[in-house]
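Asker: This is the structure, below, for whatever I ask next.
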Amino acid sequence: MFKKLSAVFTAILFLASSTFGISAIAQTPMTIKLSHVVAENTPKGLASLKFKELAEKKLPGKVKVEVFPSSQLFGDAKELEALLLNDVQILAPSISKFDRYTKKVQVFDLPFIFKDANASRKFQDSKEGQALLKSMEDKNILGLAYWANGMRHISARKDISLPQDVAGLKFRIQASDVYESFFKNLKATGQKMAFAEVYQALQTGVVDAQENSYSNMFSQKFHEVQSTILETNHGILDYMVVTNKKWWEGLPADIRKGLTEAMNEATIYTYQIANSMNEDAKKQIVASNKAKVKPLTADQLAAWKKALEPVYKEFEKDIGPDLIKAAQAASR
Ligand code: LMR
């Protein structure tokens, strides 16, 4: 009798606990990890926090977005693999870092393809730019948006003005074959290196030079270990926000809708802040009196463009001449 009663009691306890267990699970917000490699006080750092704020506001109790800046969760080398393993759900790598997955996006890296950041944005919004968001779907990578940073410039440990001045220098580059060719054409070397390692590599002389936006140079203190920043505007540093396609498509419709709205609003925000953050970073670099910031004269600019023309020929086939034309049209 006692045994029977205790079995009934255990069954009731089990039922109760599993019922509460299920309701506890139903109330647990889904955790979404967003990882990036830059500091928080940058256009991408702030856009990531804005996305978190908006997503949690639009989906109260349903999602929790954890943002990991400064390569804290994954650095350049591992982040895309981690996305494919669903160890992280959202990334925003520089567009240069996708060339292992699609050759088409290399169009963004062609030297002087965009006259300014607005032209890059115009191309991103075009039919061709939007199609690139889907160009890695066969690899299970889906582009959700483009986020802005700004134009790229060259810094070095010596005084430079003309293309021939960088001959023989070793440049840190992002994982981009176009940038490898870029520096080869200048008789310099491009060494692919994760962002997190750049400051130390510049400081210890492992590399002599690098290229980046003002906000990245300032937030990483590159200007403290370089003597010149030449304002070349030779390329754009923007981001493609990507997700694991299977994970995204498996989300409940209401969550996907809320996240899409949050992403669209965070994207508008990044375009609102990027220009002024880069301008401000430039001012602070100038005021620090460490690296000398030098603009290019019209003749110097023409010399840089000429020296880098061969890069177009090398990548035209991989990228496609029509896509190159569409990107060039955005500067007109
Ligand atoms: C770099 O590696 O220099 C940049 O892509 C870092 C970033 O994400 O802005």
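Laboratory data are not the source of any read-out in this text; all were calculated from the coordinates shown. Note that the coordinates shown come from a computational prediction; the quantities given were computed from them, not determined experimentally. All Cβ positions, glycine included, derive from the backbone under ideal geometry; neighbour counts span all protein chains shown.
Asker: Would you confirm, using the coordinates I've provided, whether LEU73 is within 23 Å of MET136 (Cβ to Cβ) and in a loop (DSSP other than H, G, I, E, B)?
Answerer: Yes, satisfied.
Asker: Inspect the stretch 192-202 for any residue being hydrophobic (A, V, I, L, M, F, W, C) and more than 20 Å from the chain's Cα centre (by Cα) and give the result as yes or no.
Answerer: Yes, the stretch 192-202 contains at least one residue that is hydrophobic (A, V, I, L, M, F, W, C) and more than 20 Å from the chain's Cα centre (by Cα).
Asker: Taking the stretch 209-247, which residues are near the ligand (Cβ under 9 Å from one of its atoms) and basic (Lys, Arg)?
Answerer: none
Asker: Could you say whether any residue in the stretch 124-139 is within 14 Å of LEU237 (Cβ to Cβ), touching a residue at least 24 places away in the same chain (Cβ under 8 Å), assigned to a helix (DSSP H, G or I) and of a type outside the set (Val, Ile, Thr)?
Answerer: yes
Asker: Can you find a residue that is touching a helix residue (DSSP H, G or I) at 6+ places or on another chain (Cβ under 6 Å) and farther than 27 Å from LYS139 by Cα anywhere in the stretch 291-299?
Answerer: yes
Asker: Here's another thing I want to ask about it. Somewhere in the stretch 96-117, is a residue surrounded by fewer than 20 Cβ atoms within 10 Å (Cβ to Cβ), in contact with a strand residue (DSSP E or B) (Cβ under 9 Å, 6 or more places away or on another chain) and of a type in the set (S, T, N, Q)?
Answerer: yes
Asker: Under the condition of being assigned to a strand (DSSP E or B) and within 15 Å of the ligand (Cβ to nearest atom), which residue from the stretch 31-53 is surrounded by the most Cβ atoms within 10 Å (Cβ to Cβ)?
Answerer: Among those that are assigned to a strand (DSSP E or B) and within 15 Å of the ligand (Cβ to nearest atom), it is SER35.
Asker: Looking only at the stretch 54-78, count every residue that is at negative phi, more than 14 Å from the ligand (Cβ to nearest atom) and surrounded by fewer than 16 Cβ atoms within 10 Å (Cβ to Cβ) and tell me the total.
Answerer: Qualifying residue count, the stretch 54-78: 4.
Asker: A follow-up question, please. How about the stretch 158-177: which of its residues are aliphatic (A, V, I, L, M) and away from the ligand (no atom under 16 Å from the Cβ)?
Answerer: Passing the criteria: ILE160, LEU162, VAL166, ALA167, LEU169.
Asker: Of the residues ALA175, ALA209, which is buried (at least 23 other Cβ atoms within 10 Å of the Cβ) and closer than 23 Å to ASP109 by Cβ?
Answerer: Result: ALA209 is the single residue among ALA175, ALA209 that is buried (at least 23 other Cβ atoms within 10 Å of the Cβ) and closer than 23 Å to ASP109 by Cβ.
Asker: For LYS139, only one of the following conditions fails: (1) touching a helix residue (DSSP H, G or I) at 6+ places or on another chain (Cβ under 9 Å); (2) farther than 27 Å from THR243 by Cβ. What is its number?
Answerer: Answer for LYS139: the failing condition is (2).
Asker: Now for a different question. Can you say whether VAL198 is within 14 Å of the ligand (Cβ to nearest atom), of a type outside the set (Ser, Thr, Tyr), under 24 Å from ILE273 (Cβ atoms) and without any contact (Cβ under 8 Å) to a residue 40 or more places away in the chain, as far as the supplied structure shows?
Answerer: When the stated conditions are applied, VAL198 passes them.
Asker: So, in the stretch 287-332, exactly how many residues are part of a helix (DSSP H, G or I), hydrophobic (A, V, I, L, M, F, W, C) and surrounded by 15 or more Cβ atoms within 10 Å (Cβ to Cβ)?
Answerer: Count: 12.
Asker: Which condition does LYS221 not pass, out of (1) without any contact (Cβ under 8 Å) to a residue 24 or more places away in the chain; (2) within 28 Å of GLN130 (Cβ to Cβ), if it passes all the others?
Answerer: The failed condition is (2).
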